[in-house]
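Each remark here refers to the structure printed beneath this line.
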């Protein structure tokens, strides 16, 4: 019965109680933070274990919540990330390097998609995956031959009205692509040995 009374009291006085809590926190912010930090340091292993256990038991629920939050707050998150990168350029640069090292094909394809989004705003996800495949293929060939030997080329250059889409891409030697520049459209033909 006591719990019911407490719940009823809280419901009736919710705003008043929240205002009191907020005021108390503002007046004692440093003291509260110091206490929380001390508690965390003293119980770090236990807290990490609890967090790990909770995440394992509620993984799907957490992923759904995070996905929903990202969808609802896209602009807010973009603004936060943009501000973080401006305030911490060195950290942001290191994070980009780590991300690129983990998955270069994905980063290259995403960058291309962004660069050409104004020319091709209607690129579908399936087409984006096909475009990504070209960058993965170029990376595989570069890993085999060493260095930046191959790259993805637009058969019809973007400056000449070509689109950034699967049917306008090819993996070609970087040297050939540099000499081609945007002077002509054409497919690269594999030279046959005589």
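Coordinate-derived values only; no laboratory data. Not measured: the values here are computed from a predicted model. Positions of Cβ are generated from backbone atoms using ideal geometry, with glycine treated the same way; all protein chains shown enter the neighbour counts.
Taking Cα atoms only, the orientation of helix 104-115 departs from the longest principal axis of the chain by about 90 degrees. Given points 7 Å out from each Cα along the Cα-Cβ axis, report the residue 178 to residue 3 separation in nanometres with one decimal. My value for the distance between the label points is 7.3 nm.
Each label point was placed 7 Å from the Cα along the Cα-to-Cβ direction; for residue 167 and residue 77 their separation is 3.4 nm. Give me the angle, in degrees from 0 to 90, between the Cα long axis of helix 74-87 and the longest principal axis of the Cα atoms of the chain, rounded to the nearest 10. The angle comes out near 80 degrees. Here the contact order of segment 84-187, divided by its residue count and restricted to Cα pairs under 8 Å and six or more residues apart, works out to 22 percent. The label point for residue 42 and the one for residue 54, both projected 7 Å from the Cα toward the Cβ, are 2.0 nm apart.
Ratio of Rg to Rh for segment 1-46: 1.20 [Cα atoms; Kirkwood radius as inverse mean 1/r over pairs].
What the Kirkwood sum gives for segment 19-108 is a hydrodynamic radius of 17.3 Å, with every pair of different alpha carbons counted. Only helices enter this figure: runs of n ≥ 4 DSSP H residues, each worth -39500 (n - 2.57), summed and divided by the residues of the chain, yield -22500 deg cm²/dmol at 222 nm to the nearest 500.
Counting beta carbons within 10 Å around each of 17, 158, 169 and listing the fewest first gives the order 17, 158, 169. Panel order for 4, 153, by other beta carbons found within 10 Å of each beta carbon, from fewest to most: 4, 153.
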